[in-house]
Structure formats: structure tokens, C-alpha cells
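Bear in mind these aren't lab numbers, they're just calculated from the coordinates by the rules spelled out. In this text, all values refer to a predicted model and were calculated from it rather than measured experimentally. Don't worry about glycine lacking a Cβ; one is built from the backbone with ideal geometry, like all the others, and counts go over all protein chains shown.
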Amino acid sequence: MKDFKNNPYFELFSKQKENQFAVGNSTCKQRIQKLNALKKAVEITYKERIREALYTDFKKPYTETDLTEIYPVVSEIKFAKSHLKSWMKRQKVETPMAFIGSSSWYMYEPKGVCLIISPWNFPLNLTFGPLVSAIAAGNTVIIKPSEMTPNISKVMANIVTDLFSEEEIALVEGEVEVSQELLKLPFNHIFFTGSPQVGKIVMQAASKHLTSVTLELGGKSPTIIDETANLKKAAKKITWGKFLNSGQTCIAPDYILIKDTIKDAFITELKKQLQHFYTENPAASNSLCRVVNKKHFQRLVNHLEDATSKNATIEIGGKTASEDNFITPTVISNLPEEASLLQEEIFGPILPIKTYKNLEEAIAYINAGEKPLALYVYSKSKKNTNYILKNTRAGSSAINNNVVQYSNHYLPFGGSNNSGIGKAHGVFGFQEFSNMRSVMKQHTIGSIEFLFPPYNNFKQKLVN
Ligand code: NAD
């Protein structure tokens with residue numbers, strides 16, 4: 001531990017390390033009390049401050065805050081509360097006859113001192129969501145939220161200080177350097193949500209101490225629409241899933257892959273939906289947040305300029321307002337393969353549409369890229385749907401819908417390889433913050449004599 005003496009967070013880390021058994025040995029009832037306190041803070045005491053902070057950070061509409069920030073945390077807490085007793089129970093398993101006189105079980109023990117690093121796009125949900133799992137599993141936690149949404153970070157810091165001692169849970173605000181210092185410490189687990197690029201930095205830092213990691217990352221999530229799909233319903237769901245949070249959603253459809261013969265009809269449906277949701281003048285709509293900051297706004301403007309310079313067709317939208325970091329919901333087609341919109345994760349309100357002639361072509365296109373975090377299929381054909389599911393790989397999927405798979409706590413949530421390692425939500429989140437400890441107990445009778453030397457012909461025969 002001498003190596004860390006100069007680390008600004010070493011003292012905090014050490015306090016939590018010292019306290020980890022007190023926290024880890026908490027009963028189910030005590031953990032539920034902590035979850036209840038967090039629930040009350042998010043749902044009642046701090047609700048208005050949360051709404052105001054997110055509005056200040058990127059003009060997030062209050063209704064969207066309730067739906068995508070407060071509700072998911074509250075429902076994660078409710079779910080954990082109602083299942084925690086069974087999750088914490090030791091799990092009895094069989095013992096082979098050869099070990100007669102023994103019984104076996106495994107139990108979930110807390111990992112210890114954990115680090116949660118979270119992104120800015122759903123800052124409350126993606127910070128307190130994993131925190132619920134960490135508390136349920138009995139850990140101490142240091143949290144580092146994103147520096148890009150400072151107002152909500154401040155509110156979360158106040159909630160944490162209000163409810164917990166820093167020996168148990170602490171939130172550290174600040175720039176990237178704060179994460180970099182924290183990552184030097186020998187945490188027992190790191191739960192990181194963010195980009196694949198930074199995910200690699202986190203994993204590299206974790207490898208120094210063989211710290212286990214959960215990496216909830218991103219990437220390009222494709223949406224396939226085949227010729228049997230109900231285009232009106234698909235357009236409605238995709239408009240919601242894509243332009244919610246102004247496209248700054250890790251599991252938003254990144255781009256559409258559509259059967260060439262139905263492209264125009266689908267764009268017509270999208271136009272109708274967009275008008276219905278956000279009116280003729282989306283800038284005045286109270287249902288669209290802004291791009292989080294100038295840097296990301298400029299990144300998206302660059303995508304648009306790159307697309308137009310390559311003669312792509314702006315089918316809908318394409319207007320930008322730099323004073324407000326606002327981009328109207330935009331749909332673009334006829335993009336050449338080298339267009340940046342088809343190469344990088346978009347993470348903004350721009351939806352490219354790419355056509356395919358047959359499903360094999362669409363699947364080959366997806367499989368040539370990294371494994372996506374989510375893959376969506378709009379189809380009435382069971383055969384096509386199964387064919388797509390069997391021949392692609394992804395962290396999660398929804399069929400004839402998008403984004404909603406995130407909200408089912410009975411499902412694991414996470415990516416695969418480039419889109420992530422490990423799973424969150426419900427029991428999967430609890431397991432991620434726990435070590436499955438195996439135990440075999442020898443009772444008074446029985447003993448495996450053939451294990452012991454001196455070896456002889458009789459023992460040799462027994463093991464063959
Ligand atoms: P990011 O990777 O830039 O930052 C995430 C966190 O890492 C922030 O707290 C930031 O302070 C920290 N960080 C940034 N650079 C760092 C460095 N060099 N060293 C240490 N820490 C560093 O991601 P973001 O811009 O906040 O979020 C967008 C990305 O996150 C997208 O790729 C998106 O798909 C992904 N994401 C994934 C999920 C998921 O659940 N899988 C959810 C939301 C966002």
C-alpha cells in the first residue's frame with residue numbers, strides 16, 4: 001500500500017477498505033434500509049433538484065427525466081428490495097458420492113471496495129443504477145460521475161453525503177484526472193459505463209491489480225427492417241428510441257438497414273412521426289433536449305458536413321443552432337461507405353438509412369463491424385427474425401421495438417466484447433458486485449481415504 005501514499009484518494013480508499021467488513025456483513029434488512037433511503041431521496045426529497053439540474057445541464061425535459069432517470073433508479077431499487085433475500089441466500093448444491101459426508105454450497109460475498117465511473121448521457125440512472133446493485137451486494141463504493149454534466153453531479157454528491165458516511169459511499173466530482181488517479185488504486189471491482197476507447201484505458205488500469213471489471217460500453221447499434229414489417233409502427237418506435245435524449249443513448253438505433261423496396265415508404269412514415277412528436281418546429285418543442293456541450297455539438301456538425309460533402313441525401317431535418325447546441329432530428333440516406341456517420345458511433349439526433357437487397361447482405365454488413373451493444377429487428381417473419389438472431393451477435397436485442405429491453409430487470413443488460421464485458425440490472429448487477437464463494441463442509445462422518453498417501457495398488461484401482 002506504500003505505493004499509493006501520494007494518491008489524493010488513498011486516504012478515502014483506505015477508510016473504505018477498513019470499513020468493508022462492517023458494510024459487507026450487513027443484513028438484508030439493513031441493506032434494504034439503505035436502498036429505501038436512496039429511493040426516498042431520488043423519488044421525493046431531491047426530485048425537483050434532479051429535474052432542474054438536468055434541465056440546466058442539457059435542457060432535458062422534466063417528463064423525460066422522470067421517465068429515463070428517476071423511474072429506472074426507483075424501479076431497480078424496488079426490484080432489488082423484493083428479491084434481495086433470495087439473492088443473499090447460500091445456494092446449496094449436490095456433492096459427488098466420492099465425498100460422502102460432505103455438504104456443498106456457494107454464497108455471494110461482497111467484492112469489497114468498488115469504483116463506479118459513469119457517463120453524462122443518463123447521469124443519474126447510470127450512476128445510481130449500478131450503485132443500487134453495489135449496495136445490495138454489500139460493498140463500499142467510490143463514485144466518479146462525468147464532468148460534462150456538473151449540475152446533476154453536484155446533486156448526486158449532495159444525496160450521497162446526505163445518506164452515507166464516506167467510509168461507506170463517497171462521490172468525487174472533477175475532471176478526467178480524477179478518474180485517472182482513482183484508477184491507480186487497487187479496487188476490488190470497477191464498474192465503468194462509457195465509450196469503448198475509455199473502456200480499454202479502464203481495463204488496462206484494472207489489470208495492474210487484477211481488479212475485476214464491468215464495462216458497459218457503446219458502439220453502432222443496427223436496426224434491420226425487412227419487407228414484412230409494419231412500417232407505421234416501426235417508424236413510431238424508432239422515432240422515439242432514436243430521438244429520446246436527442247439520440248444520446250447507448251442503445252439508440254444508430255443506423256437503419258432496410259430492404260431497398262420499402263425505403264421511401266418508411267421515410268414517409270418517419271416524417272409523419274417526427275412531425276407528430278416534435279411539430280414543424282422541433283427547436284420549439286418541449287420534448288427534445290440539447291446536445292450536451294459544444295464539443296459534442298461540433299462533432300455532430302462535422303458528421304453532417306462530411307455527409308453533405310459526399311453527396312448524401314438529407315431526407316429530414318439537418319438544421320443546427322450553435323447558440324443552443326441544437327440539432328433537429330435528422331434522417332440521411334445515400335451515404336457512401338466511407339462517410340463518418342457509417343464509421344463512428346453517432347450518439348446524437350442523426351439517423352442514417354442504408355438499404356440492402358437481401359438479408360445475407362445486411363448480416364454480412366453488421367458482422368464486418370464490432371459486436372453491437374444492441375441489435376433491433378422489425379419484421380413479421382419468424383423465419384427472418386430467427387435467421388438474424390442466429391447469424392449475428394449483440395449485447396441485447398428487441399424485436400419490433402427498441403430500447404425497452406433495458407427496462408426489464410429480469411434480463412441481463414450489457415454488451416459483448418467491444419460493446420462491453422459483464423452484465424447489469426437485477427440479479428445480474430448483484431452478481432457483478434459479488435464474488436461467488438464456494439464452500440465444502442466435511443461433517444463428522446466420512447473421509448476420502450484414497451486421497452491420502454501412502455499410495456498403493458488398491459488406491460490406484462479405486463481412482464481408475
Ligand atoms: P466517456 O468514455 O468519454 O466517459 C465516461 C467516463 O469516463 C466519464 O466519467 C469520464 O470522466 C471518464 N473518462 C473519460 N476519459 C477518461 C480517461 N482518459 N481516463 C479515465 N477516465 C476517463 O463516455 P461518455 O462520453 O461519458 O459517454 C458516451 C459513451 O458511453 C458512448 O460510447 C456510449 O455508447 C457509452 N454508454 C454506454 C452505456 C451502456 O450502458 N453500455 C450507457 C451510456 C453510455
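Remarks
- The spread of Cα positions in segment 222-407, taken along each principal axis and listed from longest to shortest, comes to 48, 32, 31 Å.
- Karplus 3J(HN,Hα) series, Hz, for segment 418-432 with 6.51 cos²θ - 1.76 cosθ + 1.60 (x for Gly, Pro): 4, 9, x, 9, x, 10, 10, 5, x, 5, 5, x, 4, 5, 4
- If you plug the beta carbon distance of residue 286 and residue 177 into 1/(1 + (r/R0)^6) with R0 = 41 Å, you get a FRET efficiency near 0.65.
- If the convex hull is drawn through the Cα atoms of segment 244-350, its volume per residue in Å³: 100
- Stretched out straight at 0.36 nm per residue, the stretch from residue 313 to residue 197 would grow longer than its current Cα-Cα span by 38.7 nm.
- Once the C-beta distance of residue 56 and residue 162 is scaled by a Förster radius of 25 Å, the resulting FRET efficiency is 0.80 to the nearest 0.05.
- In this label model, residue 457 and residue 98 are separated by 2.3 nm, measuring between points 7 Å along each Cα→Cβ vector.
- Dividing the helix sum by the residues of the chain, where each DSSP H run of 4 or more adds -39500 (n - 2.57), gives a mean residue ellipticity at 222 nm of -12500 deg cm²/dmol.
- Cβ-based exposure ranking for 94, 370, in which fewest neighbours within 10 Å come first: 94, 370
- Net +/- balance of residues flanking residue 64 in space, Cβ distance below 15 Å, scoring K and R +1, D and E -1: +2
- Applying 1/(1 + (r/R0)^6) with r as the Cβ-Cβ distance of residue 45 and residue 293 and R0 = 35 angstrom yields a FRET efficiency of 0.75.
- Here the spin labels are modelled as points 7 Å beyond Cα on the Cα-Cβ line, and at residue 321 and residue 355 they lie 3.4 nm apart.
- The convex hull of the Cα atoms of the chain, projected and averaged over all directions, covers 27.5 nm².
- Per-residue 3J(HN,Hα) values for segment 182-194, derived from phi via the Karplus relation 6.51 cos²θ - 1.76 cosθ + 1.60 with θ = phi - 60°, read 4, 5, 7, 7, x, 5, 8, 7, 10, 10, 10, 10, x Hz in sequence order (x marks Gly and Pro).
- Karplus 3J(HN,Hα) series, Hz, for segment 117-132 with 6.51 cos²θ - 1.76 cosθ + 1.60 (x for Gly, Pro): 10, 10, x, 9, 6, 10, x, 6, 4, 8, 9, 7, x, x, 4, 4
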